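Working notes, beginning with the structure itself.
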Amino acid sequence: MIRKLLIKILAGILTIWLADHFLKSVKIVSVSYWQNVLLIGTSLGLISFFIKPILNKITFIFKLLTFGIFEIILNLLIFIVLDAFFDTLQIKTLSDLILITLIYGVIDFLSNIISS
């Protein structure tokens, strides 16, 4: 259980770092760059470990009806909340929000394979 939590946190940190480096309008604006990457990534990992399973159970019927596309909408909402909560995270365009969601989806899928 702790191993899975640590993998989720590392996946969150990796997602934020990759998005900041490869997407032009996703920025971590701060003097202490690595502290903010670790803080935002850890928050993403904790949300993924604790809150996302609850959301998955609540929205199961929507995922079934949309053939899993609703999972992308859930991930979009998670990043909108992270962007609103952390002033140092700036996601400026909708296209980059969708791209960071897809990056997170791939990394989360791989972290589920590793942790199982």
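The values are calculated or read from the model by the stated rules, or taken from the named source; none is laboratory data. Keep in mind it's a predicted model, so treat the numbers as computed, not measured. Note that each Cβ is placed from the backbone with ideal geometry, even for glycine, and that neighbours are counted across all protein chains shown.
Determine which member of the set 23, 39, 44 is modelled with pLDDT of 95 or more and more than 10 Å from the chain's Cα centre (by Cα).
39
Return the residues of the range 10-52 that are part of a helix (DSSP H, G or I), more than 16 Å from residue 88 (Cβ to Cβ) and either touching a Ser or Thr at 6+ places or on another chain (Cβ under 7 Å) or of a type outside the set (Val, Ile, Thr) (or both); say none if nothing qualifies.
Listed by number, the residues that qualify are 10, 11, 14, 18, 22, 45, 46, 48, 49, 50, 52.
Could you figure out which of (1) crowded, with 19+ Cβ neighbours inside 10 Å; (2) touching a Gly at 6+ places or on another chain (Cβ under 8 Å); (3) of a type in the set (S, T, N, Q) isn't true of residue 101?
(2)
Go through the range 19-46 and count every residue that is within 22 Å of residue 111 (Cα to Cα), buried (at least 17 other Cβ atoms within 10 Å of the Cβ) and hydrophobic (A, V, I, L, M, F, W, C).
Looking only at that region, the number is 6.
Name the residue, out of 85, 62, 67, that is in contact (Cβ under 8 Å) with a residue 40 or more places away in the chain, of a type in the set (Phe, Trp, Tyr) and surrounded by fewer than 15 Cβ atoms within 10 Å (Cβ to Cβ). Can you show your working first?
On the way: 62 fails: in contact (Cβ under 8 Å) with a residue 40 or more places away in the chain; 67 fails: in contact (Cβ under 8 Å) with a residue 40 or more places away in the chain.
None of the other options fit; the residue is 85.
Among 52, 8, which is the only one that is closer than 26 Å to residue 115 by Cα, out of contact with any helix residue (DSSP H, G or I) (no Cβ under 6 Å at 6 or more places or on another chain), in contact (Cβ under 8 Å) with a residue 24 or more places away in the chain and surrounded by 15 or more Cβ atoms within 10 Å (Cβ to Cβ)? Walk me through it before giving the result.
Values: 8 fails: out of contact with any helix residue (DSSP H, G or I) (no Cβ under 6 Å at 6 or more places or on another chain).
None of the other options fit; the residue is 52.
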